[in-house]
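Structure record follows, encoded as structure tokens.
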Amino acid sequence: MSRWRLVIVVIILGMIGYFRVGSSAIDYIVACITYPAVRMVTWVTDGTTRWYRHYRSVRELAASLEQSQETIAHLTAEVVALRGIRIHLDEVRELRRFRHRYETDWLLSAQVVARTISPEAHVIILDKGERHGVVRDMVAVYQNCLVGRVSDVYPWWCKVVLITDRLSKIPVTCSETHTEAIFEGINESNRGLLTYVSHLAPLQLHEMVLTSGQGFIYPQGFAVGRIKEIRCETDKLQYYVTVQPMFTIQNIKVCYLLTKGSEYHESAPLDNDEVTYFLQDAFRSNKDLSMTEPA
């Protein structure tokens, strides 16, 4: 009964307060009660609006990024094609120079298909062999630099002993002092030795070493390397000379095979028709490759 009495008292007091104070008190109480609910609705609405804007921005950025990546992919393909054209044209120019310098049918362009660079041997394998006209003791050259000598010939490929191999013995001459010597490989890719050099012979650091043309294998005038170190030991009558090769074998993709006895000839540049032809052919090949879908 006490609870019912309390409820009745509260109702009576509320009616007295309403009639004495007016509706403003009721509105105040209702406002206090509904304020948390209004705040909650406002927070939920604002949060939903912010999330939707963020989600839409993320989708727009993702679409823009995808479009940018496609554009970059197309531009990269064009750059690759243009670089391929440049490389192809440079190789053609190099081949033309050699064809005019050595007017012979024995000049062959060969691709390097394998390398063996180890403490035991320095050799490369080329994709030209006996069926292409390759014979033993032909020399491999690259950009006027001597690469090595053909040691073994097979029907479809051949093996070239590099100048840095310890089996290589090449007659050379120094470009400035004209000192003659023998270049020997020591199975190190970054240096070789210059032997049989008298301590009375003049030598210069960084002097270029060229093939002298003596002997029956190596033609004259191809670069072997530059003198890197000159040391004269007091108890010996010969210099200790190290020579750094002119090329890095890992960078060589294509070289040329020729025999000694080819005559020098003035190099002729590519004419406009040849340049246009090679550009069109190379661009067509590279474009086909760039547009091919992977399997």
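What's the number of the only condition in (1) touching a residue at least 24 places away in the same chain (Cβ under 8 Å); (2) surrounded by fewer than 15 Cβ atoms within 10 Å (Cβ to Cβ); (3) within 35 Å of the chain's Cα centre (by Cα); (4) closer than 28 Å to Ser109 by Cβ that Met208 fails to meet? In the conditions (1) touching a residue at least 24 places away in the same chain (Cβ under 8 Å); (2) surrounded by fewer than 15 Cβ atoms within 10 Å (Cβ to Cβ); (3) within 35 Å of the chain's Cα centre (by Cα); (4) closer than 28 Å to Ser109 by Cβ, Met208 misses (2) alone.
When each of Glu120, Glu130 is tested for being assigned by TED's automatic domain parsing to the domain that holds Tyr218 and in contact (Cβ under 8 Å) with a residue 40 or more places away in the chain, the lone residue that passes is Glu120. Filtered by the rule that a residue be touching a residue at least 24 places away in the same chain (Cβ under 8 Å), part of a loop (DSSP other than H, G, I, E, B) and under 33 Å from the mean Cα position of the chain (by Cα), segment 176-195 gives Asn187, Glu188, Ser189, Asn190, Arg191. Restricting attention to segment 196-205 and to residues that are surrounded by fewer than 17 Cβ atoms within 10 Å (Cβ to Cβ) and part of a loop (DSSP other than H, G, I, E, B), the residue that is nearest to the chain's Cα centre (by Cα) turns out to be Leu205. A residue that is assigned to a loop (DSSP other than H, G, I, E, B), assigned by TED's automatic domain parsing to the domain that holds Ile125, modelled with pLDDT under 75 and over 31 Å from the mean Cα position of the chain (by Cα) occurs nowhere in segment 218-231.
Within the set Asp152, Asp137, the sole residue that is in a strand (DSSP E or B) and over 30 Å from the mean Cα position of the chain (by Cα) turns out to be Asp152.
The values are calculated or read from the model by the stated rules, or taken from the named source; none is laboratory data. Every value quoted in this text rests on a predicted model; they were computed, and no experiment measured them. We place every Cβ from the backbone using ideal geometry, glycine too, and count neighbours over all the protein chains shown.
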